[in-house]
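Coordinate-derived values only; no laboratory data. Owing to the predicted nature of the structure, the values given are computational and were not obtained by experimental measurement. No Cβ is skipped: glycine too gets one built from the backbone with ideal geometry, and neighbour counts run over all protein chains shown.
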Amino acid sequence: MDHGENPIAHSIDINTPSIARMRDWYLGGTDNFPADRRACRALLEIAPSTRTLVANNRLFLQRVVRVLAQEHGVRQFLDWGPGLPTRINVHQVAQGVDSSSRVVYIDDDPIVLAHGRTLLDENDETLIVRAKTTDIDATLDHPDVTGFLDRTAPVAALFVSGLHRIPDSPGPEYVVQRVAGRLPAGSFIAFCQLVSDSAAVRQAATDFMQQTTGHSWGRVREKSEVHAWVSSMQLLDPGLVEVSAWRPDSDVTPRQRTAEWEEYGGVIRLS
């Protein structure tokens, strides 16, 4: 259910590629426009593994939610930057473990809000809020959120597709640290960031996404930067890894085989 602004009231720009719609195309969806598809094909010229990377990112999100719900008893989830609905969304995984699980989706893309409201309209255990990823306090203090979640119970904060969209000011480290400081003990933060060992790939992909999205993007970073964000925090095993290697379901779980860039992350446990 949507307790926020009516997203339909906000115009949808079909001529400027949207990160959410680009991701939808890579996942085989149909909620995208020619500008999005052109951008996706151009990005594949820079980083041919992008389609596989996006698919593995989504599978990582699903595994994280299932592990936290089944093994750690988490029943509240905050999903920042969820993108367009796919076949298996966070609330479906969480509520598959316990139907009372509550999920808040946070995004500021008008098309995500419009589709999300339609999808979640009949699910009383879900909520969609219009806010930016960097607006941590505004989101957590939003009256709809405070009335929807138990602020004394553990929460899983999910940043599985958005940290690379954050510019260096305030930066992903600020977002992770701010969320960590606001959630109750026993909560979790799941996250990943686009990284590359190649300076050329980092620069080319960053420049392309900056120009393509009208500067609604951050940058591709290095693994050492990600390690610095969480150096003092407790990570669930196996720590920081390329996301297809995070607790794969089986030996045949799809893996990231190419090396030009990857999604790199893990799950923090807050004590």
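Couple of notes before you dig in:
- Residues that are buried (at least 19 other Cβ atoms within 10 Å of the Cβ) and of a type in the set (S, T, N, Q), drawn from region 100-126: S101, T126
- Residue match in region 253-271 (condition: more than 15 Å from L53 (Cα to Cα), outside any strand (DSSP E or B) and aromatic (F, W, Y)): no
- The single condition among (1) among the small types (G, A, S); (2) surrounded by 21 or more Cβ atoms within 10 Å (Cβ to Cβ); (3) farther than 28 Å from L240 by Cα that G147 does not satisfy is (2).
Residue-wise test of (1) in contact (Cβ under 8 Å) with a residue 12 or more places away in the chain; (2) of a type outside the set (S, T, Y); (3) surrounded by fewer than 20 Cβ atoms within 10 Å (Cβ to Cβ).
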residue: P172; (1), (2), (3): yes, yes, no
residue: A180; (1), (2), (3): yes, yes, yes
residue: A190; (1), (2), (3): yes, yes, no
residue: F208; (1), (2), (3): yes, yes, yes
residue: H215; (1), (2), (3): no, yes, yes
residue: V220; (1), (2), (3): yes, yes, no
residue: W229; (1), (2), (3): yes, yes, no
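- Among the criteria (1) under 20 Å from the mean Cα position of the chain (by Cα); (2) among the hydrophobic types (A, V, I, L, M, F, W, C); (3) over 15 Å from D168 (Cβ atoms), the one A185 does not fulfil is (1).
- Condition check for R58: among the basic types (K, R), farther than 19 Å from D31 by Cα and not in a strand (DSSP E or B): no
- Segments classed as helices (runs of 4 or more DSSP H), wholly inside region 119-211, with at least 2 members that are closer than 15 Å to E225 by Cβ: 172-182
Condition check ((1) of a type in the set (K, R); (2) surrounded by fewer than 17 Cβ atoms within 10 Å (Cβ to Cβ)) across all residues:
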{"site": "R37", "(1), (2)": "yes, yes"}
{"site": "L44", "(1), (2)": "no, yes"}
{"site": "V54", "(1), (2)": "no, no"}
{"site": "R58", "(1), (2)": "yes, no"}
{"site": "L68", "(1), (2)": "no, no"}
{"site": "R75", "(1), (2)": "yes, no"}
{"site": "I88", "(1), (2)": "no, yes"}
{"site": "D98", "(1), (2)": "no, yes"}
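- Answer from R38, R63 - the residue that is assigned to a helix (DSSP H, G or I) and either under 26 Å from N123 (Cβ atoms) or in contact with a Lys or Arg (Cβ under 8 Å, 6 or more places away or on another chain) (or both): R63
- Checking A138, A185 one by one, the residue that is closer than 20 Å to A69 by Cα and surrounded by fewer than 20 Cβ atoms within 10 Å (Cβ to Cβ) is A185 and no other.
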